[in-house]
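Participant: Before we start, here is the structure in question, set down as structure tokens.
Read the figures in this text as sums done on the coordinates, not as results from a lab. Fair warning: this is a prediction, and the values are worked out from it, not measured in the lab. Cβ placement follows ideal geometry from the backbone for every residue including glycine, while neighbour counts extend to all protein chains displayed.
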Amino acid sequence: MVYFLQEKLIIRNLEEKDVQAITDGEIAQGWDALAEKYWKRLADQKAGKAVALAAEYDGEPVGYINVYPDCQWGPFGGQGLPEIVDFGVLEKYRNRGIGTALMDAAEKIAAEYADVVYLGVGLHSGYGSAQRMYVKRGYIPDGSGVWFRNKVCEPYGECVNDDDLVLYFSKKLKKLP
């Protein structure tokens with residue numbers, strides 16, 4: 001299914017053919033990338049647990065985002081609210097509106113299920129552009145504090161500033177006609 005189409009950019013469902021191309025792109029830019037995470041998103045999509053999207057720019061898969069309509073983890077887990085999970089655009093394709101188009105599509109999908117969507121964002125500097133983007137889009141911290149490895153990190157508790165250290169944000173969605 002196609003969610004967005006404009007000149008060189010298409011936002012569509014993630015497909016098997018995208019897995020290796022996106023993984024290779026992430027590895028080329030120095031990320032610790034594994035194809036298994038994309039295979040999981042495809043399996044979750046096939047099972048009806050997620051909507052996995054890919055951004056295709058000029059014929060190449062260059063980004064991804066996933067919506068879990070009834071997420072079972074995080075501060076809103078099990079409350080029937082969607083979570084946006086695992087969002088990225090390859091660095092050499094940034095600043096072309098691809099991330100915005102992916103987020104617009106994900107929020108539109110989330111709005112089909114609830115009037116609130118949430119997401120977790122990492123706290124290290126590698127997430128700086130995502131942190132700024134979420135705030136600009138109207139996301140606010142949910143107030144549960146920092147999470148580490150899928151649990152609230154207790155005050156003065158031990159943690160590591162890696163991809164498992166996150167702050168959750170939520171946003172009230174506008175219903176679209």
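Participant: Order these peptides, 8-21, 56-69, 28-41, by their mean beta-carbon neighbour count within 10 angstrom, highest first.
Facilitator: Values: 8-21: 16.4, 56-69: 20.2, 28-41: 14.1.
Result, highest mean Cβ count within 10 Å first: 56-69, 8-21, 28-41.
Participant: Of all the Cα-Cα pairs you can form in the range 38-98, what percent are over 17 Å apart?
Facilitator: Value for the range 38-98: 46 percent of Cα pairs lie more than 17 Å apart.
Participant: Right, another one. When the distances between all Cα atoms of the range 81-177 are binned every 10 Å from zero, what whole-number percent does each bin get?
Facilitator: 15, 46, 31, 8, 0
Participant: Now a separate question. How large is ³J(HN,Hα) for each residue in the range 148-158, as worked out from phi by the Karplus curve 6.51 cos²θ - 1.76 cosθ + 1.60 (θ = phi - 60°), to whole Hz, x for Gly and Pro?
Facilitator: 9, 6, 6, 9, 4, 7, 4, x, 6, x, 7
Participant: With +1 on each Lys and Arg Cβ and -1 on each Asp and Glu Cβ, and nothing else charged, work out how big the dipole of the chain is about its Cα centre, in Debye to the nearest 20. Numbers along the way, then the final one.
Facilitator: Details: 21 positive and 26 negative charges, 131 e Å.
Value, rounded to 20: 620 debye.
Participant: The range 2-172: Rg/Rh from Cα coordinates, Kirkwood Rh?
Facilitator: 0.95
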